[in-house]
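Rule-based calculations on the coordinates, nothing more; no lab input. Computed from a prediction, not measured in an experiment: that's the story for all the values here. Please note: Cβ atoms are built from the backbone with ideal geometry, for glycine as well, and neighbour counts cover all protein chains shown.
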Amino acid sequence: MGYKPYMGEQYVEIAGKWIMKVEKTMIQIKIPEDLKVNCATQLLFDRAMTWWETVQLRRATEALTWIDFKFKFENQFYSRYHRKVKEQEFLALKQGEMSVLENERRFHDLSLFAPHYVLTKKHMIKKLKDGFRQELR
């Protein structure tokens, strides 16, 4: 897939972005559902590969679906608590001293953890504008 490997970093944003970008890429290039886990695990290294090998040993003969893999990955590398913290950070995001570009980047990074607040482009634009300094709204 020509994608960046995941080493098992315990930072919620790194793990969250990685799994979401891998999934998006697999959808775009139309990877069949039954090959997604195999494709994603080819990009795991170091601590992440050790985790995956442990998961495989525990499941011995039972195949893991993509949804199951994502669930296990998320629980291992970023907890529900950390996802909730990032969602709250997204909801509270204000431009403050950041440039417009820095604010937009932060907005998009955090929106990965709160997709239900930006379901449409209209919702996304409104939320982004609401976070701008008053003189830019």
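Worth a mention:
- Test result for K86, out of contact with any Phe, Trp or Tyr (no Cβ under 7 Å at 6 or more places or on another chain) and surrounded by 12 or more Cβ atoms within 10 Å (Cβ to Cβ): no
- Top-ranked residue in the range 124-134 [being out of contact with any Phe, Trp or Tyr (no Cβ under 7 Å at 6 or more places or on another chain) and farther than 11 Å from L91 by Cβ; ranked as surrounded by the fewest Cβ atoms within 10 Å (Cβ to Cβ)]: Q134
- Residue within the range 6-13 that is of a type in the set (D, E, K, R), surrounded by 15 or more Cβ atoms within 10 Å (Cβ to Cβ) and under 30 Å from E135 (Cβ atoms) present: yes
- One residue stands out among those in the range 13-32 that are assigned to a helix (DSSP H, G or I) and free of Cβ contacts under 8 Å to residues at least 12 places away in the same chain: the one that is farthest from the chain's Cα centre (by Cα), which is Q28.
- Scanning the range 23-66 for residues that are in contact with a Phe, Trp or Tyr (Cβ under 7 Å, 6 or more places away or on another chain) and surrounded by 15 or more Cβ atoms within 10 Å (Cβ to Cβ) returns T25, K36, V37, A40, T41, L43, L44, A48.
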